[in-house]
1. Angle, helix 12-32 long axis vs. longest principal axis of the chain, Cα atoms, 0 to 90°, nearest 10?
2. Please sort 12-20, 29-37 by packing, taking for each peptide the average over its residues of neighbouring beta carbons within 10 angstrom, highest first.
3. Go through 52-62, 90-100 and give me the packing order, highest mean Cβ count within 10 Å leading.
4. Quickly estimate the mean residue ellipticity at 222 nm for the chain, helices only: each DSSP H run with n ≥ 4 gives -39500 (n - 2.57), and the total goes over all residues, rounded to 500.
5. Quick one: net charge of Lys110's neighbours, Cβ under 15 Å, K/R +1, D/E -1?
6. Below 8 Å, C-alpha to C-alpha, sequence gap of six or more: please give me the relative contact order for the chain in percent.
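Throughout, read-outs are computed from the coordinates displayed, never taken from laboratory work. Just so we're clear, the structure is a prediction, and the values are computed from it rather than from any experiment. Glycine also receives a Cβ, built like all others from the backbone with ideal geometry; neighbour counts cover every protein chain displayed.
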Amino acid sequence: MSEKTPPVIRPVSITAICSILFAAGIFNIIYTFTGVYAPYGVYYSAVNTIIIVIMFAALSGVWVMEQWGVYLFTLLVIIKCCLDLYSGAFSFWELLLLVPIIVFLSQLRKMN
């Protein structure tokens, strides 16, 4: 039989940040369909949306206090910033994504 690790209690900071990021992601996907990202290229909207959907999976991992969620989220933020820089869609507001990464990494030792 395999032993299960006891569940980790999620801090309020992670709950709040994940909730905000889930809502922002849904808003961003809906906002994509307005055509606002059309100037950045034919495929930018699709790739951006795929990255956001995968970020949802990463945030789900963070939500249940799994370390892989933090690593995947961090990787996706880097990929998204690179995509935005390459496409000319980068905004300094995206640097706010460093705040959740810092909070997630500060809680990494408590995660499974």
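1. 20
2. 12-20, 29-37
3. Those peptides, ordered most packed to least, come out 52-62, 90-100.
4. -21500 deg cm²/dmol, from helical runs alone.
5. +1
6. Value for the chain: 31 percent.
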